[in-house]
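Every number in this text was worked out from the coordinates using simple rules, so none of it is lab data. No experiment lies behind these values; they were computed from the predicted model shown. Using ideal geometry, Cβ is built from the backbone for each residue, glycine included, and neighbour counts are taken over all protein chains shown.
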Amino acid sequence: MVLLRPLVMSDLSRILAWSQDEAFCLANGWPLGLSPEKLQDWFVRLLNNPPADLVRRGIVLTGEEDPEEQLVGFVDLRDLNLLEKRARLRIAIGEEAHRGQRVGHAAGKLMLEYGFTELGLERITAEVHGSNLEMRSLLEGLGFTLEGILRQHETHQGIKEDVYLYGMLRQEFSG
Ligand SMILES: CC(C)(COP(=O)(O)OP(=O)(O)OC[C@H]1O[C@@H](n2cnc3c(N)ncnc32)[C@H](O)[C@@H]1OP(=O)(O)O)[C@@H](O)C(=O)NCCC(=O)NCCS
């Protein structure tokens, strides 16, 4: 079963392991080769002084197969704008062994539910590189609409990539 919970200091060792995974860093815009000390500084700042426009939750697996409630990734609502009632969804599964198992789908659904019902958002968006087929399938599976493509918008792994813009309105969410 997939649950969301706030991140805590003891999550640092898992996040440190993900920061050493080059593909994960590139997909998520993390700097490569971040030292453990720098990462710890960043993490402590995030826990003690989270930005007002960010909701970040750890993705945890629970149940008989995962008695330790393993942290496998995190999901964000970023650029939270309560006046305009919108935010931007981001999902990252850090544990490679748990990718492709519908964990991202389940976590995305839980965060959409939180955004639309608890926070009262009316619109949630997501941006993804054109080459990220997993994330595009995930967003389309969650019911997002492709609203536009910014052509050759961002340099990713040395080449200019299209950025796909997705959106979902509250009434389109099927919880
Ligand atoms: C992208 C990511 C979040 C997806 O999460 P996940 O748990 O692995 O994805 P899921 O198992 O829930 O699968 C989501 C969809 O992708 C599809 N999919 C999986 N692998 C795929 C592939 N190689 N090509 C195309 N589609 C694929 C699944 O069939 C599923 O589609 P469905 O919902 O229509 O059934 C995760 O793989 C990840 O964190 N990757 C690295 C970081 C990253 O890319 N983050 C996104 C930045 S915007």
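Counting 0.36 nm for each residue step from Leu32 to Gln101 and taking away their Cα separation leaves a gain of 22.2 nm.
Sequence-ordered 3J(HN,Hα) estimates for the range 133-144 from the Karplus curve with 6.51, -1.76 and 1.60 and θ = phi - 60° stand at 5, 4, 5, 5, 4, 4, 5, 5, x, 7, x, 5 Hz, glycine and proline given as x. Just checking the listed ones, Asp41, Asp162, Asp21: in the Gaussian network model of the chain with Cα springs under 10 Å, the one fluctuating most is Asp41. Each of Glu84 and Leu169 was given a label point 7 Å from its Cα along the Cα-to-Cβ line. The distance between the two points is 1.7 nm. Each Lys and Arg Cβ is given +1 and each Asp and Glu Cβ -1; about its Cα centre, the chain then shows a dipole of about 460 debye. The 3J(HN,Hα) values that the Karplus relation (6.51, -1.76, 1.60; θ = phi - 60°) gives for the range 5-19 are, in residue order, 8, x, 6, 10, 4, 5, 6, 4, 5, 5, 5, 4, 4, 5, 5 Hz. Gly and Pro appear as x.
Of Phe24, Pro36, His156, which is farthest on the positive side of the dipole of the chain, counting Cα position, with +1 on Lys and Arg Cβ, -1 on Asp and Glu Cβ, and the Cα centre as origin? Of Phe24, Pro36, His156, it is His156. Just so you know, the averaged projected area of the alpha carbon convex hull for the chain sits at 10.3 nm².
Between Glu113 and Ser137, the FRET efficiency from the beta-carbon distance, with R0 = 25 Å, is close to 0.80.
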